[in-house]
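Comments concern the structure below.
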Amino acid sequence: ERGGEALVISPTREIGMIEKYIANDAEDWQESHSQKTIELLSKMAGLASERNIKLAVRNDFWSLFRGTRIDKLMENADPRIQYSLDLAHVTISKVDPVKLVQKYRGRLGFIRFNDTAFDDREGNFKKIGAEVPQTGQQRVFNDLGEGKVNVPAVYKALKESGYDGWILCESKNSLN
């Protein structure tokens, strides 16, 4: 036992990485891989619960559960799994983080406040190394307040929801 309180997981690798190295030729490989991931995470939730560890998932903009696809995971996985909202990643996926706070108010855990001005016009989310774009706009993350995330609105929504958990503040004032 290490005494940890939580485990926050990015549930899948980049879509580009999965497609290149794991996916088979089946047309429904994304659906199949998503379902296997949900089953594995549900098993992990049981193991984590036995050890009094909270399990939370985040939806990176390059994962199979990007944007609103997190709904599939949250609806079908073990209900003990919390949602670790990452403001920059959902914003890149063109989802309003305030709406996600409202939707998952009872299952939120370990929120990540960060910022971005990135617009994925090149479809980097489908490529290997999505966090370090090879073409198009290069800077993915910003310091808080330097991007387009409405952090005060998310904070207000969290207060209104009664959220009383961890908030991680992350600033990345670099190109990657």
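Points to keep in mind about this one:
- Selection count, segment 109-120, where residues are in a loop (DSSP other than H, G, I, E, B) and surrounded by 13 or more Cβ atoms within 10 Å (Cβ to Cβ): 7
- Flag if T91 is farther than 15 Å from E14 by Cα, modelled with pLDDT under 95 and open to solvent by 10 Å² or more (accessible area, probe 1.4 Å): no
- All positions within segment 121-165 that are under 16 Å from the mean Cα position of the chain (by Cα), modelled with pLDDT of 95 or more and assigned to a loop (DSSP other than H, G, I, E, B): V149
Okay, residues lined up against (1) assigned to a loop (DSSP other than H, G, I, E, B); (2) in contact with a helix residue (DSSP H, G or I) (Cβ under 9 Å, 6 or more places away or on another chain); (3) closer than 28 Å to G129 by Cα; (4) open to solvent by less than 10 Å² (accessible area, probe 1.4 Å):
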site	(1), (2), (3), (4)
A56	no, no, yes, yes
D71	no, yes, yes, no
E75	no, no, no, no
P79	yes, yes, no, no
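- Qualifying residue in segment 120-130 (condition: over 26 Å from A23 (Cα atoms) and in contact (Cβ under 8 Å) with a residue 24 or more places away in the chain): no
- Candidate set from segment 11-54 (those that are outside any helix (DSSP H, G or I), over 18 Å from the mean Cα position of the chain (by Cα) and acidic (D, E)); member that is farthest from I81 (Cα to Cα): D25
- Scope segment 1-10; condition more than 15 Å from F125 (Cα to Cα) and either in contact (Cβ under 8 Å) with a residue 12 or more places away in the chain or in a strand (DSSP E or B) (or both); matching residues: E1, G4, E5, A6, L7, V8, I9
- Residue in segment 146-162 that is open to solvent by 50 Å² or more (accessible area, probe 1.4 Å) and of a type in the set (G, A, S) present: yes
- Cβ-Cβ distances below 6 Å connect the following pairs, each with a first residue in segment 22-41 that is at pLDDT below 90, a second residue that is surrounded by fewer than 16 Cβ atoms within 10 Å (Cβ to Cβ) and not aromatic (F, W, Y), and a separation of six or more residues or different chains: W29/A23.
- Taken over segment 94-120, the residue count meeting the criterion of being modelled with pLDDT under 95 and of a type in the set (F, W, Y) is 1.
- Search result, residues across segment 163-176 that are open to solvent by 80 Å² or more (accessible area, probe 1.4 Å) and within 17 Å of F110 (Cα to Cα): D164, W166, C169
A quick yes/no check of all residues on (1) of a type outside the set (D, E); (2) over 26 Å from Q30 (Cα atoms); (3) in contact (Cβ under 8 Å) with a residue 60 or more places away in the chain:
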{"residue": "R66", "(1), (2), (3)": "yes, no, no"}
{"residue": "D78", "(1), (2), (3)": "no, no, no"}
{"residue": "L87", "(1), (2), (3)": "yes, no, yes"}
{"residue": "V98", "(1), (2), (3)": "yes, yes, no"}
{"residue": "N114", "(1), (2), (3)": "yes, yes, no"}
{"residue": "P133", "(1), (2), (3)": "yes, no, no"}
{"residue": "K148", "(1), (2), (3)": "yes, yes, no"}
{"residue": "V151", "(1), (2), (3)": "yes, yes, yes"}
{"residue": "K172", "(1), (2), (3)": "yes, yes, no"}
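The values are calculated or read from the model by the stated rules, or taken from the named source; none is laboratory data. Please read these numbers as outputs of a predicted model, since none were measured by experiment. Glycine also receives a Cβ, built like all others from the backbone with ideal geometry; neighbour counts cover every protein chain displayed. Heavy atoms of the whole protein, side chains included, go into the accessibility calculation; ligands, DNA and RNA do not. Shrake-Rupley method; radii C 1.70, N 1.55, O 1.52, S 1.80 Å.
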